[in-house]
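Scroll down for the structure; my scribbles are underneath it.
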Amino acid sequence: MKKILLVEDDDFFRTALKDILSKKYKVVEAQNGKIARDIFSTLDDVDLIISDIQMPHLTGLDLLEWVKKNKPVPFILMTGFSHILETQSAHEMGADEFLPKPFKEQELIEKITKVLGEEKKEDKLPTADLDKEFCKIPIEDFIAEKEMDYGVYIRISKSKYIKIAHNGGKLSEDKVQAFRARSVTHLYIRQEDFAKLVGFTLLVSKAVSNSSQIDKEKKMRFMQYTGEMIMQQAYVAGTDEVIFRNAKDFLTTSLNILTEDDETFALLGLLSNHTDFLYAHSLGVSMFSVMIAKQLGWQSPQTLFKLSFAGLFHDIGKKEVPPDILAKSRATLTQQERALFESHTTRGMEILQSLKTAPTEVIQVAYEHHEDILGQGFPQGISKTKTHPFSLIVSVANTFCEYTIRSPQVPAPRTAAAAIQAMQTFKLASLDHQAFEALLKVVKNSKDIV
């Protein structure tokens, strides 16, 4: 029977833990870190130490450091919420696992089983890079006191994430403020939970869900290419860096979900393969649409995901417009070429209607993003009151990105400030004013531009 040294200064809690562990292990108790160190020095057969982090005389961190230097054995650290961020230091010292209080009996047993190597071979999961399994969410996006149907984590390293809120639990305002006070800007949820959170249901067959390794590698290369495209072409000088980084993270997470559906992934491939400038423009419109929406106070993850989706595919109809026509300025197009160019809104709507996973809002944006509030846009020439709110936002983001992202018409992209000035001079009357004001908040020193 394996032996566990249990270190906890709370007598009631320690006794409760001992009762649980004694069903399967021999348990030696210690009331604090100093006593544990003295006991451990005399024992040769301790298989695991489970210790609280905050104790008198010698803390769990001090005990961990001493153990790893003098007589290394597996070490699980228990920590209350107020000390959760100290697990970063504990991880660097060599702690094997963490148990944030309060925890469930099943979690305790699972951690012990993992650390002691008692898992069945088929149950073991790869832990080399967990970053692919999680997505980061700005801490301000979590609604305090709301019951959640997913776990919330903090990131210690790419191979270590710690759960701080359970499925069915709540993240209190005090906890959110405590994290903010410690300069924590993001929390994490699992990728599959993000899909549930935004309501994106994958309509895929069993065969697709068990896609080949080649498909996974292809998707990985696509995501790498997209990340490079965002930073090299879709970033606009003068944009608030924190706001942009959050939008980039949101888009990356959304793309991780979208590429799990083969139809959507294939459509993204067609978009990116058409021309680099079209794909860069689509990425930019997706991100700036989300940035604008957040400044307008839109917080629903489901809404923001649909808007990101809409921005990404708003120009999907252009995949059927020859690149040489897209490379021309509107003023130089013939009547026939202009008609072909303007058909991309109708064609985009038709393409997305055939996509099982496209929400109706996404389809509508593809059709309406060239409408304007004066009723002089295309294809319908409708006014603001008849235009979807998503389309109004995407229209502003689309105009901004036309000035700021490199293309044949814009070989030298404008800075954010210069683009705002151009929009004020030439486009303001046709753009939704609230969405434009929100865009100003995304741009650094926008008060100096207006």
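The values are calculated or read from the model by the stated rules, or taken from the named source; none is laboratory data. Everything numeric in this text was worked out from a predicted model, so none of it was measured. All Cβ positions, even for glycine, are placed from backbone atoms using ideal geometry, and neighbour counts span all protein chains on display. With ligands, DNA and RNA removed, areas are computed over all heavy atoms of the protein, side chains included. Shrake-Rupley method; radii C 1.70, N 1.55, O 1.52, S 1.80 Å.
Cross-link partners for Lys444 among the lysines, with Cα-Cα distance under 21 Å and sequence neighbours closer than 8 places in the same chain left out: Lys248, Lys294, Lys427.
Residues whose amide H comes within less than 5 Å of that of Phe134, counting only those at least five positions distant or on another chain, are Gln191 (H built at 1.01 Å from N in the peptide plane). Among Gln335, Gln88, Gln353, the largest mean-square fluctuation in a Gaussian network model of the chain, built with springs joining Cα atoms closer than 10 Å, belongs to Gln335. Could you check what % of the DSSP bridge pairs in region 39-186 are antiparallel, to the nearest 5? Of those bridges, close to 45 percent are antiparallel. Using θ = phi - 60° in the Karplus curve 6.51 cos²θ - 1.76 cosθ + 1.60, the 3J(HN,Hα) couplings for region 318-324 round to 6, 5, 9, 9, x, x, 5 Hz; x is entered for Gly and Pro.
From most to least packed by mean Cβ count within 10 Å, the peptides 65-71, 89-95 give 89-95, 65-71. Taking amide H as placed 1.01 Å from N in the peptide plane, the amide H of Glu371 sits under 5 Å from that of Phe378, each at least 5 places away or on another chain. Could you work out the local net charge near Asp315, counting Lys and Arg as +1, Asp and Glu as -1, over the other residues with Cβ closer than 15 Å to its Cβ? Overall, the nearby charge balance is -3. If I compute solvent accessible area with a 1.4 Å probe over the protein chains, what percent of it on region 193-352 is carbon and sulfur? The computed percentage sits at 53. Note down the net charge around Tyr161, summing +1 for each Lys or Arg and -1 for each Asp or Glu among other residues with Cβ under 11 Å from its Cβ. Taking every other residue near Tyr161 into account, the sum is +4.
Net charge dipole, the chain: roughly 440 debye, given to the nearest 20, about the Cα centre with Cβ charges of +1 for Lys and Arg and -1 for Asp and Glu. Considering only Cα-Cα distances, which of the following residue pairs are longer than 21 Å: Lys114/Lys163; Lys68/Lys132; Lys2/Lys34; Lys26/Lys101; Lys306/Lys386; Lys136/Lys158? Distance filter (> 21 Å) returns Lys68/Lys132; Lys2/Lys34; Lys26/Lys101.
Peptides 98-111, 231-244 ranked from most to least packed give 231-244, 98-111, packing being the mean of other C-beta atoms within 10 angstrom over each peptide's residues. Under the simplified labelling scheme, the Ala237-Glu110 pair shows an inter-label distance of 4.9 nm, with each label point 7 Å from Cα along Cα→Cβ. With contacts taken as Cα pairs under 8 Å at a separation of at least 6 residues, region 53-194 carries a relative contact order of 21 percent. A 1.4 Å probe run over region 1-65, with the rest of the protein chains in place, finds 48 Å² accessible per residue. Under the combined filter of DSSP loop state and at most 12 neighbouring Cβ atoms within 10 Å, region 11-45 retains these trypsin sites (Lys or Arg not before Pro): Lys23. Relative contact order, whole percent, for the chain stands at 10, derived from Cα pairs under 8 Å and 6 or more residues apart. Considering helices alone, the calculated mean residue ellipticity of the chain at 222 nm is -15000 deg cm²/dmol, with DSSP H runs of length four and up weighted by -39500 (n - 2.57) and normalised per residue.
What the phi angles of region 74-89 give under the Karplus curve with 6.51, -1.76 and 1.60, with θ = phi - 60°, is a coupling list of x, 9, 10, 10, 8, 9, x, 4, 5, 10, 4, 6, 6, 5, 4, 5 Hz, glycine and proline written as x.
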